[in-house]
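All remarks here apply to the structure that follows.
The values are calculated or read from the model by the stated rules, or taken from the named source; none is laboratory data. Everything numeric in this text was worked out from a predicted model, so none of it was measured. Ideal geometry is used to build each Cβ from the backbone, glycine not excepted, and the neighbour counts take in all protein chains shown. Each accessible area value is taken on the protein alone, full model and side chains, heavy atoms only, with ligands, DNA and RNA left out. Shrake-Rupley method; radii C 1.70, N 1.55, O 1.52, S 1.80 Å.
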Amino acid sequence: QRLGAKGIIIYNTLESRYKLIDPDKGSDSNSYSYSDVYDRPKNVPQWDNTIWPRNRIDYECGTSPAGNKGEYHPHKAGIRAEISVNELDFDPAPYDANKNDDKLTGTIVDGSLCAEYVGDDTTFVQRCPSERCLLTGRNATDDGSKLEACCAWDTPVVMNGDGDDDGDSVPQHREERIVIPTLFVTMKYGDELMELVRSAELNDNSAEMEYISIVPYERWSPDVHYATIFLWIFASVTVWLACYQSSKEFRSSWKKISLAVNEGVLVFDRSARNSNAPAEEGRERAETEDTVELADDLGDLVVDGAVENDLRLEMTTIGQSDNDNGDADAGDDAN
């Protein structure tokens, strides 16, 4: 952006999936002029200094067991191949893209060693749509003459915003808001764009100039998605239902208490709370054997339930001695 770019296109490469644990260690460059078990290449991988691609994140081998070619899940992607180390080069470490990419990209016609291992371009493309393979860092044979390679994932990545203190190497005082468009394309389309650029550079001195014009389009997205409205309604109904169900016991108990009060079976004597207060006229007592009179020293009233017309009351005493509690319990049993 500071150099005057109008936009930027980012794409993955096979080389970007390999890293060195210690970059200062450099290349292995172990040359072998002799042959023991197999003809070794000039350079072998730095096994103890290489970070290899990650399984199921960078590549997919499918479900084929080692050594059994073609036994894959019918509905899952992934391919597995065994590549001779004589065909590959690891100098400069950890991966020589200029020499290895062409051997791990494309179909049989393009010279892909993975496609040749599978033996059928149709099956290879179906199992590996990216038409690219990554080395897993595992030996495919006991003698180490072949390396395992699996299909590379080549999926689009959503580009996030930048220009804030996101923990990168750019200091906060030098951060700035990115305003130019930034696009991400897959490895396949990125290679096609690079081929177009190289072709334009080769014809730069010709009589007919070639230009590459890229017009980016933003994918349409609604301001409010229908799912948002549905989630709001669903959340509201869930909260209401939870409140309604949690208060079910209180509603049922209050109906029983109200029924007992209206029938005169349960009487609250409010005048007894204050001896100095004038007596108030209360509801007429039913004067039946089920009539219960609550004293002030009987604190909370808990309705345990009702069986037909009988109202069973459990009365608890607050702040009284154990003897008083025993008397209250005995009174409850009598009632």
Exercise for the section: Give a residue-ordered list of calculated ³J(HN,Hα) values for region 190-199 (Karplus: 6.51 cos²θ - 1.76 cosθ + 1.60, θ = phi - 60°; whole Hz; x for Gly, Pro). Expected result: x, 5, 5, 5, 5, 5, 5, 5, 5, 5
Problem - Using θ = phi - 60° and Karplus 6.51 cos²θ - 1.76 cosθ + 1.60, couplings along region 7-15 (whole Hz; Gly, Pro as x) - result: x, 9, 10, 10, 8, 7, 9, 4, 4
Fill in the blank from the handout: Expressed in nanometres to one decimal, the distance between label points 7 Å along Cα→Cβ at V215 and K6 is 1.3 nm
Practice task
Determine the alpha carbon to alpha carbon distance for each of K25/K146; K6/K76; K6/K99; K25/K188 and list only those over 30 Å.
Solution key: K6/K76; K6/K99; K25/K188
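Per residue, how many Å² of accessible area does region 82-197 show with a 1.4 Å probe? Write out the running numbers ahead of the final one.
Numbers: 6260 Å² over 116 residues.
Per residue, region 82-197 has 54 Å² of solvent-accessible surface.
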Exercise for the section: Return the FRET efficiency for the residue pair I229, D143: r is the Cβ-Cβ distance, R0 is 51 Å, and the value is rounded to the nearest 0.05. Expected result: 0.20
Practice task
Send over the per residue convex hull volume for region 193-264, Cα only, as a whole number of Å³.
Solution key: 106 Å³
Exercise for the section: Please turn the phi angles of region 114-123 into ³J(HN,Hα) values with the Karplus equation 6.51 cos²θ - 1.76 cosθ + 1.60 (θ = phi - 60°), one per residue in order, whole Hz, x for glycine and proline. Expected result: 5, 5, 5, 5, 5, x, 8, 5, 4, 5
